[in-house]
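Student: Structure in structure tokens, see below.
None of the figures in this text is laboratory data; all of them are computed from the coordinates on show. Just so you know, these numbers come straight off a predicted model, no measurement behind them. Cβ placement follows ideal geometry from the backbone for every residue including glycine, while neighbour counts extend to all protein chains displayed.
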Amino acid sequence: MLFSSLLFLFLFLPAVLCIYYLLPRRCRNGFLLLADLIFYGFGEPAFILLMLISIVINFAGGLWIAHSRTARGKKLSLAAALCLNLLLLGIFKYAGFISDTLRLLPAFTGLPQLEIPLPIGISFYTFQAMSYLIDVYRKDCLPQKNILSFGAYISLFPQLIAGPIVRYKDVSDALANPHRESGAMFSDGVELFLVGLSKKTLLANPLGALWAVLSENPNAAGQAGAWVGAAAFSLQLYFDFSGYSDMACGLGKMFGFTFCENFHYPYIAKSISDFWRRWHMSLTTWFRDYVYIPLGGSRCRLPRALLNVAIVWALTGLWHGASWNFVFWGLYYAVLLILEKLFLGKLLTRLPAVVGHLYTLFFVVIGWVLFALEDVQQLKCYLLVLFCGGGTPDAIVSVQVMTSLPLLIVAVIACLPVTKRLYFTMPHRPRRMLTSICSILAMLLCTASLVSDSYNPFLYFRF
């Protein structure tokens, strides 16, 4: 079930909100778990059992770690629980990829091709569960003793499918006290949800339709069209994923939860390091806190610190998908970040800010092409057209590129902080009036768009 679907907007969400706030406070987490499972099972009922298994494993794992009396016992408990999580993730997400890779070797040509369906959001809720186990082990949080409350945390539908990755310690108070009704918080949640819905339906969807045309046959687009396509995908991915994150955070506020910010204007970054401090912040901080720092971070000698960067980004690429293009994409960023750590970062600080912006945008856009095209031949073809030109531009495709320029200009402006700054320079009363008018218009426009448009994917659902 998509947030940007009429069924969710006009049936599921209103019904869940009404029942949630009519129920006694002690029953709310149990009902929320039920609603989460209905939401998840609407598209993939077969994987509800997998979700329940994950909940039981990690609930028991947290108690097991907390009640182990020795340091060795705690380590063994943590290792066992983490291995079970990684085993489930490995079977459903990476088994087919490993099998396909091995079959390229002469000794393994007889291996069967595995066709294992990927449960939606498994990377997100698995990482969420693992962070809980590690935090219990580190004594950063107490273990949850109510399995219904813990199940509500793991399967919380606002951020279940595509994040942000929420740590248990950040929502434990709200789970323990599911009664914090606040009119201001609820209103802020509705506004934030509508911002995300507008990003998704009014910007990401038409940008995605443009990218679908241009990526299918880059030779028909020509070199200029290929660059427009790469820019369109870069903007589509931002508005798609940041729109989902805004909707998730808005829904969280409606139910009394505060989720972490996941995007902070990444396309104004002045370096690749700065970009990844702004893009998918819940994932980058997860890898920093649970992988990079435990490996030694930057406190080691330089060769080991650079190796740590490479390990983290290889894993980051694999987290995004079981395909070699994601591995190349992760290593691509590892090389750029290592160069910045060695000398490029210091050089960029001495140059005018515009140089840092252009450098970052160039490499990020190329990175998104690597990210988008899983077929190696299609990727090679697109990169050739992008950098070498060639092909014969098709008149129809050229017209589509030209007519898309106003959309691209609006999208570029929308991903900059200028509109937010102008908004907050307004006096309070006119600002609130403008917010109310824009919210009503956003709901009308988004509904009209969803009724008339069949192109409505969420890119990060496949992760």
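Student: When you take every Cα atom in the chain, what is the radius of gyration, and what is Dmax, the widest Cα pair distance, in Å?
Tutor: Radius of gyration, then largest Cα-Cα span, for the chain: 23.1, 73 Å.
Student: OK, next. Once both labels are modelled 7 Å past Cα along the beta-carbon direction, what's the LEU105-GLU261 spacing in nm?
Tutor: Label-label distance for LEU105 and GLU261, simple model: 4.7 nm.
Student: Okay, moving on. Just to verify a number: FRET efficiency for LEU434 and MET402, C-beta to C-beta distance, R0 = 51 Å, to 0.05?
Tutor: 0.95
Student: What value, in deg cm²/dmol to 500, does the helix sum -39500 (n - 2.57) over DSSP H runs of n ≥ 4 give at 222 nm once divided by the residues of the chain?
Tutor: So the helix-based figure for the chain works out to -21500 deg cm²/dmol.
Student: Give me the percent relative contact order of the stretch 1-143, please, defined on Cα pairs under 8 angstrom at least 6 residues apart.
Tutor: 23 percent
Student: Of the listed peptides 404-413, 31-40, what is their order by residue-averaged count of other C-beta atoms within 10 Å, with the highest listed first?
Tutor: 31-40, 404-413
Student: With +1 on each Lys and Arg Cβ and -1 on each Asp and Glu Cβ, and nothing else charged, work out how big the dipole of the chain is about its Cα centre, in Debye to the nearest 20.
Tutor: 1840 debye
Student: State, in angstrom, two size descriptors of the stretch 1-80 derived from its alpha carbons: Rg to one decimal place and Dmax to the nearest whole number.
Tutor: Cα radius of gyration and Dmax of the stretch 1-80 are 17.5, 53 Å respectively.
Student: Right, next: Of the peptides 212-220, 121-129, 170-178, how do they stack up when ordered by the mean number of other Cβ atoms within 10 Å, highest first?
Tutor: Working: 212-220: 19.1, 121-129: 23.6, 170-178: 16.3.
Final packing ranking: 121-129, 212-220, 170-178.
Student: Among 195-206, 61-72, how do they line up by average Cβ neighbours within 10 Å per residue, starting with the highest?
Tutor: Top to bottom by mean Cβ count within 10 Å: 195-206, 61-72.
Student: In addition: When the dipole is taken about the Cα centre of the stretch 257-347, and only Lys, Arg (+1) and Asp, Glu (-1) are charged at their Cβ, what size is it in debye, to the nearest 20?
Tutor: Numbers: 9 positive and 4 negative charges, 69 e Å.
So the dipole magnitude of the stretch 257-347 works out to roughly 340 debye.
Student: If you average the C-alpha positions of the stretch 365-407 and of the stretch 87-157 separately, how far apart do those two centres end up, in angstrom?
Tutor: 34 Å
Student: Among the GluC sites (Glu not before Pro) within the stretch 85-191, which fall in a DSSP loop and have no more than 14 other Cβ atoms within 10 Å of their own Cβ?
Tutor: Within the stretch 85-191, the qualifying GluC sites (Glu not before Pro) (loop, at most 14 other Cβ atoms within 10 Å) are GLU115, GLU181.
Student: Over what distance in Å are the Cα centres of the stretch 212-228 and the stretch 245-292 separated?
Tutor: The distance from the Cα centre of the stretch 212-228 to that of the stretch 245-292 comes to 31 Å.
Student: Still on this model: Taking only C-alpha pairs under 8 Å that are 6+ residues apart, what is the relative contact order of the chain in percent?
Tutor: It rounds to 19 percent for the chain.
Student: Among the listed pairs LYS93/LYS253; LYS169/LYS270; LYS199/LYS270; LYS200/LYS253; LYS169/LYS200; LYS75/LYS169, give every one whose C-alpha distance is greater than 22 Å.
Tutor: As for pairs spanning more than 22 Å Cα to Cα, those are LYS93/LYS253; LYS169/LYS270; LYS199/LYS270; LYS169/LYS200.
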